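Read the figures in this text as sums done on the coordinates, not as results from a lab. What you see is a predicted model; the values in this text were computed from it and never measured. As a convention, Cβ positions derive from the backbone with ideal geometry for all residues, glycine included, and neighbour counts pool all protein chains shown.
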């Protein structure tokens, strides 16, 4: 059997969650072109050869340093041209890479689709394929169950409402297409437009809330900053409750960045420990400090640790500019060594707390203040609005694009069936989350809203 | 005629709109065909309203024409009013509709059957089927004569255990004045075919000279009527199956001398009467078990469910040129006769009207169509085909196109040829049959344009082009007509191409057309074309982006469509397939993977697994 691949599919091939490395597999005719555009190559990559490169998003942003490998058909897992991209194991990075590939025209693979292609291209035999399929079915059942649980919750209610409003909007348009001979109320364009505008707002709000999903998924990124030996690693250990970072009297020990997850109240927090902020003497440290400044850009909340037995440090402008009353706590550490020295006027203007990381004084207090900050600035006020994964936001973005298309057509007075065509696209998009929505459902809305049957 | 000896190739049981198309299709394909009707005076009877076409239905009629059926020509010849609906919308959803002379329609169709080569018409009521080794081999009749056939098509409409209700009054029959086929149902049950009940209704018929037309609003036909048949690709001999060239069967030329319909409304008094007598309604009084259609509710249903609506629109449709009978569209009811008469007195223009026939509801057996293959043959009994209202549909057009497909496929089966399976992207006929056999139906199924995912491709003018390949492959239309359609197709492609490549100033004509242009500003090359060619070409150019989008979606599905699923495939033995999915799949027996994926409850992972299991 010959099996023509018309589109290029992509998916994260490694298990979800944190790992050292995450692998994104792409399969289909666009792989060769993608390996050029993503990695800014001028020539074709050599098949089955590993390259180290920066992954550039479609908007030109460097997403990660990755290793990629191009496999030419038929010598690949699926038997089609395949591109495998290994990035750092942060789920956020893998997600962003996947999102970027989708933006570039790939389609998120269906469960088992790689295996199916592999089988149909004769790369694996039936027994192998069946075994993989069974696993996929088990996993997709579990995923389905998980999704259902999730859809039973607040998110599901919101989506259900969104779908209902959409189906209703479509029914109002379709009624005038399919029943021109009926005694329907006069068709009012501004009512269609108002309904559509409400849908667009609703949909945009759901998409906006996806940033809260990132907080939920990856934790609120909390950066521990401070001069060398101010006690940053001790604080990290104190918050974690065990010795994680190497604590040493020697300044500059923490050269790498440690990321640890803690749960405070209902929040997930990603703690990031950094190298000290000081004029570096060695090259390694210089590199560390450059990275610290990069991390400052990425972080949501800052814990600025200072040695309270020393005068207040000066902060580089890149850091000072980021700190506000809403996202920063100044921690006067080492109060066990004696009364703290007064803070500089600048630091005094920020929220501050005396602590001792070595004997855990003031840590409970710190946790309370931290939770307050996160509650105020980083949780969704409307706790119903929570988006969970790429698939959801991809679907909702697709839906929004269709709705905007429909709105534009309304404004240009285009034919109803063309508007309906966009609306149908929106319905298909939300159907990717909720399951296919049968036309019967639209007809139910139509017949309950309009008296049809002259 | 020769009965009882050499078997027919195809026997059609029932001569309604499905039966006529079925018999004509198989006979025209050259196989020996017999059509049986309990009363041959009611061949192609319009049991409900005297109209053909309407939104989506009009497209179906043109598709029937494209596949060599008779409904379109019969409508054109016997039509007395023609209107194109949805003219304020785009061409994709514009649909022709016609009022017909009811007697002329039936009479002409009877005459077409009579004159058809390879076709025998005979009056006998089918009382049972004859089975041998899981196959149907013939049928028994009320005349104690059996007929034998290689294949049998059931097109019995509402006649299976038909029961009519007027309030508490009950009469057996599939239509007022006709009989009920009582024993045939048992024959199906014996063969393991399941039956369920549906309900439909019809309004009263009125005597025209007792209607006060001054009080009504007139609705005229279009001055430039849109006909159903593709006259541009036929020559006269191909056009008139009964008439001699240049002569009119009915006494008028298609589209001329049109008559009007009339509009009135129920009043608040009507609602009061209905509400006061609800308990007497057969439907509200619990006399009826079958499900009625949502899109064609009874007046009592409308008044109860839309209580705040002060009035409901009614259409008065003339039943013919030589009768004074009017059909009152919108007043279907199962209230008692006395209440019906009280209601009339409250309707402007009908205050002192005389009722010729009462409204009634009818309940009947239908065979859930998920028991059929997409070529309309039964999964339970080989060589047995079903078409029309017996499959749970409603409407002459829906019945006609199923009849046509069943007729073609019974003929194919008798000859040992591959069946015709229309796809969802071929047209409404494909959507209709796929919906029926894949999802079944809970109410009498009527076509709406919204049921079609590719409706932008289904503009009525393109039917002939869309279905040409089938018409050719199954030899459904004359060679000359095939050649004319091919020429038309080429001309359209040529002019579309011309508009894409030739410019006025900076822009291609195609771009100018898409931006919007008055017809008279079009270039001579376009203006000079035959209107059918011009309209189709302009449609393609104007909607290019949308049409391409739908074509891309179709292309995407082709892979899964190509994967065939054998009818005897053992879904339970597929490793990894969920039990519920296996059960559903075994019941529906989808023809290919695309159909499987449309079954409710079958998810993408199931489809992947099937793909693997089938690649063996």
| query | Counting alpha carbon pairs within less than 8 Å and at least 6 residues apart, what relative contact order, in whole percent, applies to segment B:563-614? | reply | 42
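How crowded by other chains is B:85-98, given as the mean number of beta carbons from other chains within 10 Å of each beta carbon? Walk me through the numbers before you get to the answer.
Working: counts 3, 9, 1, 5, 8, 6, 2, 7, 9, 2, 2, 0, 2, 0.
Counting Cβ atoms of other protein chains within 10 Å of each residue's Cβ and averaging gives 4.
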| message | Once R0 is set to 56 Å, what does the formula 1/(1 + (r/R0)^6) return for the Cβ-Cβ distance between residue A:364 and residue A:412, expressed as a FRET efficiency to the nearest 0.05? | response | 0.35
| Sequence-separation-based contact order of chain B, relative, with Cα cut under 8 Å and 6+ spacing, percent | 18
| field | Pair residue B:511, residue B:311: separation of 7 Å Cα→Cβ label points (nm) | value | 5.3
| Considering only the protein assembly as shown, percent of DSSP beta bridges that pair antiparallel, nearest 5 | 65
| remark: Given a Förster distance of 41 Å, the FRET efficiency implied by the Cβ-Cβ spacing of residue A:349 and residue A:189, rounded to the nearest 0.05, works out to 0.15
| remark: Quick calc, residue A:42 & residue A:324: beta-carbon distance into FRET formula, R0 51 Å, rounding 0.05, result 0.70
| request: Mind checking the full-extension length gain between residue B:190 and residue B:272? Use 0.36 nm per residue of separation minus the Cα-Cα distance, one decimal, nm. | output: 24.7 nm
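Could you work out the mean count of beta carbons from other protein chains within 10 Å of each residue's beta carbon in B:295-306? Display every interim value, and only then the final one.
Values: counts 9, 3, 4, 1, 1, 0, 2, 4, 1, 0, 3, 5.
Partner-chain Cβ atoms within 10 Å, mean over residues of B:295-306: 3.
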| said: Using all alpha carbons of chain B, what is the percent of pairwise distances in each 20 Å bin, ordered from the shortest bin to the longest? | reply: 19, 51, 28, 2
| Residue mean of other protein chain beta carbons inside 10 Å, B:556-565 | 2
| request: Neighbouring Cβ atoms within 10 Å as the yardstick, rank B:215, B:479 fewest first. | output: B:479, B:215
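Order of B:458-467, B:75-84 by packing, highest average Cβ count within 10 Å first?
Highest to lowest by the protection proxy: B:75-84, B:458-467.
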| Burial ranking of peptide ranges A:167-177, B:123-133, B:47-57, A:93-103 (average Cβ count within 10 Å, highest at the top) | B:47-57, A:167-177, A:93-103, B:123-133
| note | Ranked on Cβ counts within 10 Å of their own Cβ, fewest leading, B:262, B:498 go B:498, B:262
| message | Per-residue counts of other Cβ atoms within 10 Å, averaged by peptide: what ranking do you get for B:554-561, A:185-192, highest first? | response | B:554-561, A:185-192
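Across every pair of different alpha-carbon atoms, what Kirkwood hydrodynamic radius in Å does the protein assembly as shown reach?
Working: mean 1/r = 0.0298 Å⁻¹.
Result for the protein assembly as shown stands at 33.5 Å.
Under the rule of -39500 (n - 2.57) per DSSP H run of 4 or more residues, summed and divided by the residues of the protein assembly as shown, what mean residue ellipticity at 222 nm is obtained, to the nearest 500 deg cm²/dmol? Before the final figure, lay out the partial values.
Values: 36 runs with 426 residues, N = 1070.
-12500 deg cm²/dmol, from helical runs alone.
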| note | Simple spin-label estimate for residue B:562/residue B:145, 7 Å along Cα→Cβ, in nm, reads 5.2
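Taking the Cβ of each residue in B:473, A:195 as the centre, tally the other Cβ atoms inside 10 Å and list the residues starting with the fewest.
Numbers: B:473 11, A:195 17.
In increasing order of surrounding Cβ atoms, one gets B:473, A:195.
Compute the length gained on full extension between residue B:222 and residue B:322: take 0.36 nm times their separation in residues and subtract their Cα-Cα distance, giving the result in nm to one decimal. Kindly include the intermediate steps, with their values, before the conclusion.
On the way: separation 100, 0.36 × 100 = 36.00 nm, distance 2.17 nm.
Fully extending the segment from residue B:222 to residue B:322 adds 33.8 nm.
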| query | Quick one: if you stick a label point 7 Å off each Cα along the C-beta vector at residue A:65 and residue A:20, how many nm between them? | reply | 1.6
